[in-house]
Amino acid sequence: MKVLSEDRTRILFEKLTKYIGVNVKLLIDRPDGTYCFREKKDRVYYISEKLLHLAQTVKPDNLVSAGTCFGKFTKTNKFRLHITALTYISPYAPFKVWVKPSAEQQFLYGHHIIKSGLGRITENTPKHQGVVVLTMSDIPIGFGVASRTTAECRHADPLATIVFHQADVGEYIRSEDTLT
Amino acid sequence: MDIVNEILEREQKKSDKYKPITVEKHLELEFDLGSLLASDTNDLDIKTLKTNKDSYLLALTRDNAQLLLNKVWELPTERIEEAIVVRLPQPTTILPRAKPVPVPKPLTKWQEFAKAKGINKKKKDKLQWDEQLQKWVPLYGFKKTAAEKEKNWLIEVPQNLDPMTDMYEKKAGEKSEKVAKNELQRLKNLARAKKVKIPRVGLPVTSDKASATQLSTAASVAKASTASLGKFQDKLPKEKEARGKGVHELIPGKERKRKAPIPTPAAEKEYNLNLLDNILSKRPKIDMDKAVAKSINEEEVKRSHEKKNMKPGLGKRKTQGKGNATNFSAKKPKAGKGKRAPNKKSTGRKRR
C-alpha cells in the first residue's frame, strides 16, 4: 500500500469534487476517525487509520486489497471512479437525479438516461455536473454526468439523453472480475 | 506605240523576275489561317526529289507559301497607322498540352472537416458595428489596433488569478502562442500534402543523418508505444531517457525513484485538507454558467406560475417533493403567504 503522490492526490480530489463538491472534506475528516487514501497497483483504496494499521501487518505481496476501492488511475494518469465508491459518495452528493421505475433497468444495463425515464432532478444542476442516480424510492443505483442543465431538461424532447452513464450497480455483476 | 511597247516589255521583264502568283495543285491545301498553317497532302515527285532535292523542295515551299498568303489576303484588311493589317480568325488546330494536367491539391484537415460537416465560409465585412464603442470598427487592416486599444483601455484581473498579473502581457502572449500554433498546423498540412514524413515529437531530420537527441527521442517514443506504455521494455545499462518538449507526455508513468517518508496520520490529514482547500479555492466562486442557468430557471418558474394563475382550476395539487427537487409530475404550490417582517409592529408612513 503506497501513499498517493501529490499529483495523484490532486487528480483524485478534483475528480471527487466534481461529484460531491465541497463535501470531500467530510470524507477525510470524519467523526469516527481519520480516513485516508492508499494506492496499490494504480487502484485507490479508502481506509480508516485503524484498518490501515492492521493491513500493514500483512506482507505486501499477499495483500490483495484493504478498505473500499474508490477507483483506479489509468495508464495516462487519469482517475476513473468505480461503482464501489457509491456508498460514500451518494450521501454527500449535492446534485441528484431520480429515475422512473420503467427506465431503471435500462440504466442498470449501462445505457444513458433519456428524458422519458427522468423522474426528478435537483434544481439548478449545471451542465456536465457529476450527479448521483437514485430510484424513486431514494436508493442509489449509480452515478453519471448531467448532459443538460435543469432548465434545458424541461425543454428537451423525450428521447434526448440527459444523464451520461458513468457507473451503475449492475457492474457488480457485469464486471465483477475487474472491480476488485 | 513604241513607248507603250517599251513599257509593256519592261513590265514583262519585271514580272518574269518573280514567279507566278497562281499555283496549280492536284489537291487543294488545307488552311488554318488562325495559326498560319497550310497542310499540303499532294504526293512528292520522287524522281525530282532524288535528282535535285534542294531546288525541288524550295520551289514546293515557295508555292505553298504563295497559296497561304493568297488566302491571307482574301481576309478583310484594315489600316492602322499607315500599316495594312489583317485580322486572323480563331485557330482551328488543337495543339497538345505543353505541361501535364494539374493534380488537385489534397484538402487540409480543416477543409476535410468542414466538407464532412457541411460548414460554409461566411463572408465578413471589413467594418463591424461595436456596441461598446458605438461606432464602426475595422476587423483588420488600417486602424484596427487603435480601435482595439480603445476597446480594451482596461482589462480586469479575474478572481482566480494573482492580482499582480499583467493582463496586456498575458493577452499578447496568448496571441503569439496562437500564431505559432497556426504556423505549425500550416506546416503540418503542407507536409501532409507533399507526403513528407514528420516525427511526432521534435524537429524533423534535415540533413541525411539524424542528431543524437533526435535519435534518442525517436527511440524513447518507440519504446513507449506498447500496450503497457513501455514498462516492460528492456533498457540498455547506460541508456538515458530522452528529454525535450513534448516527449514527456508520450512517455507516461514516470515514477520517482526516491521514496517519500510515510506521514503520520495527523500530518496526512492536515496535508489532505490543505490540498483540498487549494483545489476548492481555484474553482470559480461565481460560476457563470450556473448563474445564467439559475436566472433562466427563475424566469421560467415565474412564467409557468403566471400561466397557472391565468387558468384557474387546472391540475391537481400533488405533494411537494423533498428538498429542492423539481418534480416533473407535481404542481408548484403558491408562494407569498408569509409576512415580510413578522416582528415589525409600526404601520406608519415611511419618512423620507
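The table below lists the values:
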{"quantity": "Spin-label model distance (nm) - B:His26 vs B:Leu154, 7 Å beyond Cα toward Cβ", "calculated": "10.2 nm"}
{"quantity": "Efficiency of FRET from Cβ geometry, B:Ala98 and B:Leu280, R₀ 51 Å, rounded to 0.05", "calculated": "0.10"}
{"quantity": "The stretch A:34-180, relative contact order in percent, only Cα pairs under 8 angstrom and at least six apart counted", "calculated": "19 percent"}
{"quantity": "Interatomic Cα distance distribution for the stretch A:96-174, bins of 10 angstrom, percent", "calculated": "22, 59, 18, 1"}
{"quantity": "For A:86-99, mean number of other protein chain Cβ atoms within 10 Å", "calculated": "1"}
{"quantity": "Average projection area in nm² (convex hull over Cα atoms of the protein assembly as shown, one quarter of hull surface)", "calculated": "63.2 nm²"}
{"quantity": "Net lengthening on full extension, B:Trp136/B:Ser295 (0.36 nm per residue, minus Cα-Cα)", "calculated": "54.0 nm"}
{"quantity": "Rg and Dmax of the stretch B:107-153, Cα atoms only, in Å", "calculated": "15.6, 41"}
{"quantity": "Spin-label model distance (nm) - B:Glu174 vs B:Thr61, 7 Å beyond Cα toward Cβ", "calculated": "7.7 nm"}
{"quantity": "Accessible surface, the protein assembly as shown, averaged per residue in Å² (probe 1.4 Å)", "calculated": "77 Å²"}
{"quantity": "All aspartates and glutamates inside 16 Å of B:Lys231 as judged from Cα atoms, apart from same-chain residues fewer than 8 positions distant", "calculated": "A:Asp42, B:Glu239, B:Glu241, B:Glu249, B:Glu255"}
{"quantity": "For peptides A:30-36, B:98-104, A:143-149, sequence by mean Cβ density within 10 Å, most packed first", "calculated": "A:143-149, A:30-36, B:98-104"}
{"quantity": "Ordering of B:109-120, A:42-53, A:119-130 by burial proxy (mean other Cβ atoms within 10 Å per residue, highest first)", "calculated": "A:119-130, A:42-53, B:109-120"}
{"quantity": "Whole-angstrom Cα spans of chain B along principal axes, big to small", "calculated": "152, 82, 49"}
{"quantity": "Gain in span if fully extended, B:Arg303 to B:Gln111, counting 0.36 nm per residue against the direct Cα distance", "calculated": "64.6 nm"}
{"quantity": "Candidates B:Leu215, B:Leu69, B:Leu161: whichever shows maximal mean-square fluctuation once chain B is modelled as a Gaussian network with Cα springs under 10 Å", "calculated": "B:Leu69"}
{"quantity": "Overall Cα dimensions of the stretch B:80-202, principal axis frame, Å, largest first", "calculated": "82, 51, 31"}
{"quantity": "Averaged over A:145-158, number of beta-carbon atoms from partner chains that fall within 10 Å", "calculated": "3"}
{"quantity": "Relative contact order, percent, chain B [alpha-carbon distance under 8 Å, six or more residues apart]", "calculated": "8 percent"}
{"quantity": "Area buried, chain A against chain B - accessible surface, total, 1.4 angstrom probe, square angstrom", "calculated": "3200 Å²"}
{"quantity": "Helix-only [θ]222 nm of the protein assembly as shown, DSSP H runs n ≥ 4, -39500 (n - 2.57) each, per residue, nearest 500", "calculated": "-11000 deg cm²/dmol"}
{"quantity": "Gyration tensor verdict on chain A (Cα atoms; rounded if a/c is under 1.5, prolate if a/b is larger than b/c, oblate otherwise)", "calculated": "prolate"}
{"quantity": "Highest to lowest packing among B:23-29, A:77-83, scored as the average C-beta count within 10 Å", "calculated": "A:77-83, B:23-29"}
{"quantity": "B:Lys197-B:Asn120 FRET efficiency (beta carbon distance; Förster radius 30 Å; 0.05 resolution)", "calculated": "0.35"}
{"quantity": "Shielding score for B:262-271, defined as the mean number of other chain Cβ atoms within 10 Å", "calculated": "4"}
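The values are calculated or read from the model by the stated rules, or taken from the named source; none is laboratory data. Values in this document were obtained by computation on a predicted structure and should not be read as measured data. So basically every Cβ, Gly included, is an ideal-geometry build from the backbone, and we count neighbours across all protein chains shown. Just the protein is used for accessible areas: all its heavy atoms, side chains included, with ligands, DNA and RNA removed. Shrake-Rupley method; radii C 1.70, N 1.55, O 1.52, S 1.80 Å.
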